[in-house]
Structure formats: C-alpha cells, structure tokens
Amino acid sequence: MTLISLIGLIGCATSPSLATASALDSEGDGDYVVGPEFPIDPDLTDKGNPKGKMFTFGMRLADSRIFKGTDATLEPEKKPVREERKIYVYVPAAYEDGTKAPLLVMHDGPGGLDLVRHALDNLTVSANPARKLPPFIVISVQNGGNDGKNSQRGLEYDTMSDRLALFIQEEVLPAVLKNDAIRAAYPRMAFTKDPWGRGVMGCSSGGAAALSMGWFRPDLFRRLITYSGTFVDQQDDDAPEEASFPLGAWEYHSNLKLIENTPKKPLRIFTHVSERDNRANDPEETYHNWVMANERTAAALKAKGYNYRYIFSKDSKHCDRRVFEHTLADTLVWMWRGYDVE
C-alpha cells in the first residue's frame, strides 16, 4: 500500500469541536509516515498542570472465573504464570466524582501509563477545543505472565475470541469500582456504558488484543489503539479457536479476509508499525512478518471504509518508546474525537 507522508502530524487530526459519536467523519483518517527523528510531544511531559490520583491493587489469577491460569494450552513449567496481576488506575484531576466516566483500558500494565497520564493532565484542560481530551479514567492491566504460544499472556492477547473483553468487563471493571482506596477517594465513581466511551490500547500482542476486544465485542469497546500490532499467527496451536481462525490474528487480513468479508462494525481504529518491527528473519516465515501484517490490516480497514489511522515509523523498532513519545498525544486526540461526556 502507498504511504502518504504528511508534515506536521502532531495536531493535524483534530476537529474544531467535539460532536456526537454518530457524527464521526473521516477527518484525520488515513496513512501517515513519521520519523526518523522523534521529538517528544510537549503534551506528553509534565507541564505543571493539576495531577490526578493513582491507585494500584492486585487480582489473584486463582480467583478469576475467566483467566485462572490453569488452561490446558499453558505450559507453566516452561512459561510461568503470575499468581497475581497488578491493576493500575489513574483518575485525572478533571474527573468529577459521580459522573459516568469514559475509560481507556491499557494492556501490559503499567506500560506507557506515564505518557497517558501527562496527556490527560495537559489536554483535559486544553484551551484549544481542537486538541482536548475527555477526562477518561485509565485502567492499565498487567498480563498474566510470559509471552507467545503456551503462555498466559499469549492466551489472553493472541486468542481470537471475546474472552479478554469479558474478563475486563466482568472482572476488572467491577474490581476497580469496589476497591476500598478508590471508593474512599471517589465514592460515587461510575463508568459509562456507552461503548463509544470505552477505549483499549496495547502494543505488540497487546495491540492485537485491543483490536480483538473491539472486534468481538463492539457492544463493549469501540475505540482501539494498537502499536506494533501482532497481526500474525501467534495463537496457540491447540486453542479451540484454531477451528475458526487457524492463523490467529493473521486472519484479519489473510485470504480469509476477515475484516473485508465481515459487515462493517462500529469501531474507530488506530494501527502502527515500525520499519524494523519484528520482521521475520526467514523470508518463508510469511505468517510472522509484522510489517506486512500491519500494512495489510490497514489496507483492509481502508477498503472496508473504517474510521482508521495508520502510522509507519521510519528507523524504529518494535514498540519503540520514541514513537509513543512523538505520536501518542495526537493519537489520543484523534481516537477520542467525537465523544461527548455524559
């Protein structure tokens, strides 16, 4: 696919005012190139604005109904499973207790939570309506452990199902609202049930998981951010989902053409790939070529008419923090465009 190089990416994809979700249009959509220099966006630094509150607590896997850490696909002797996952919650200063908050779920917590916190501190109070964020609450969820096939993280992130979306909806979100420290600070905290007020963000397999959460449950999550997405064949070989999706997340853009052959879903999707992303060393390893996979995924989204943005970053690596530092504020502004706080 042809990449369109635009100057001045930061701030170029904003609208003059926030609108309803139904009024979303294609402004700012499309294909972009950034790099090879990646100056940090000032809105991702501490500019002295009021800070929100940070909370951390644990969830034991053994207490989970959905991800207990005992699935048959796991090989815990080779790829250990965590006993407890950490949940990191950031409530921006602009949030008013009692309002139904929009939220952003982040995978591989804490991940880039520091950058998202700065974006919230700076852009929820922005005087520029074209560059302003709603006061969404961030819930950054640690994975269940290890990586790849036969791992708990792989089970959670690389499996083509609605299981992760249900885990977040039915277990993580209620745990946040019931947490004693959070309840003490925000006794009337509530989350919006509007799926347009619920975003997901991840990198690598966490990026694939972000797309899958919205793909399989657009009734729950509709704003999706994926950096260096693992749209390759990394689903466990003996997962039940292999029967329907034998090449895992590769099927989004494979000959199966999952994106193009499925009725268009109500989703807003950001994707990214780095020039030196996890490209297969062996040219025959087609199903593990990150760059090809992301280019084809973006092309499929475009062909189907989705509100999408695709960024190719030059001279950069897998989940390169410099790319986040350069693009994330603008990504968040574009992603939340069209949302009205309840």
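Among the residues making up the range 272-292, those that are of a type in the set (A, V, I, L, M, F, W, C) and either more than 19 Å from the chain's Cα centre (by Cα) or at pLDDT 95 or above (or both) are Val273, Ala280, Met292. The residues listed here are Asp108, Asp114; of these, the one that is crowded, with 16+ Cβ neighbours inside 10 Å and within 21 Å of the chain's Cα centre (by Cα) is Asp108. When the range 247-265 is limited to residues that are under 19 Å from Leu164 (Cα atoms) and part of a loop (DSSP other than H, G, I, E, B), the one that is modelled with the highest pLDDT turns out to be Lys265.
The single residue among Pro263, Pro218 that is under 24 Å from Tyr339 (Cβ atoms) and in contact with a Pro (Cβ under 6 Å, 6 or more places away or on another chain) turns out to be Pro218. Name the single residue, out of those in the range 261-281 being hydrophobic (A, V, I, L, M, F, W, C) and within 30 Å of Trp334 (Cβ to Cβ), that is surrounded by the fewest Cβ atoms within 10 Å (Cβ to Cβ). It comes out as Leu267.
Evaluation of Leu164 against the conditions (1) over 17 Å from Phe55 (Cα atoms); (2) among the hydrophobic types (A, V, I, L, M, F, W, C); (3) at pLDDT 95 or above; (4) surrounded by fewer than 22 Cβ atoms within 10 Å (Cβ to Cβ) shows that the sole unmet condition is (4). Please count how many residues of the range 293-335 are under 27 Å from Asp121 (Cα atoms), in a helix (DSSP H, G or I) and either modelled with pLDDT under 95 or among the acidic types (Asp, Glu) (or both). Residues meeting the conditions: 2.
Within the range 128-155, restricting attention to residues that are of a type in the set (Gly, Ala, Ser) and modelled with pLDDT of 95 or more, which residue is farthest from Glu75 (Cα to Cα)? Of everything passing the filter in the range 128-155, Ser140 is farthest from Glu75 (Cα to Cα). Contact map, the range 85-110: residues that are at positive phi paired with residues that are hydrophobic (A, V, I, L, M, F, W, C), Cβ distance under 8 Å, separation 6+ or inter-chain. Pairs shown: Gly98/Met189; Gly98/Ala190; Asp108/Cys203. Could you list, in sequence order, all residues of the range 212-260 that are among the acidic types (Asp, Glu) and buried (at least 21 other Cβ atoms within 10 Å of the Cβ)? Residues satisfying the conditions are Asp233, Asp236.
Being out of contact with any strand residue (DSSP E or B) (no Cβ under 7 Å at 6 or more places or on another chain), of a type in the set (D, E, K, R), modelled with pLDDT of 95 or more and more than 12 Å from Val333 (Cβ to Cβ): is that true of Asp114 here? Taking the combined requirement at face value, the residue satisfies it.
Is it fair to say Ala181 is surrounded by 16 or more Cβ atoms within 10 Å (Cβ to Cβ), more than 28 Å from Glu260 (Cβ to Cβ) and of a type in the set (Gly, Ala, Ser)?
Details: surrounded by 16 or more Cβ atoms within 10 Å (Cβ to Cβ): no; more than 28 Å from Glu260 (Cβ to Cβ): yes; of a type in the set (Gly, Ala, Ser): yes.
Taking the combined requirement at face value, the residue does not satisfy it.
The values are calculated or read from the model by the stated rules, or taken from the named source; none is laboratory data. Model, not experiment: these values are computed from the prediction. With ideal geometry, Cβ positions are generated from the backbone for all residues, glycine too; neighbour counts draw on all protein chains shown.
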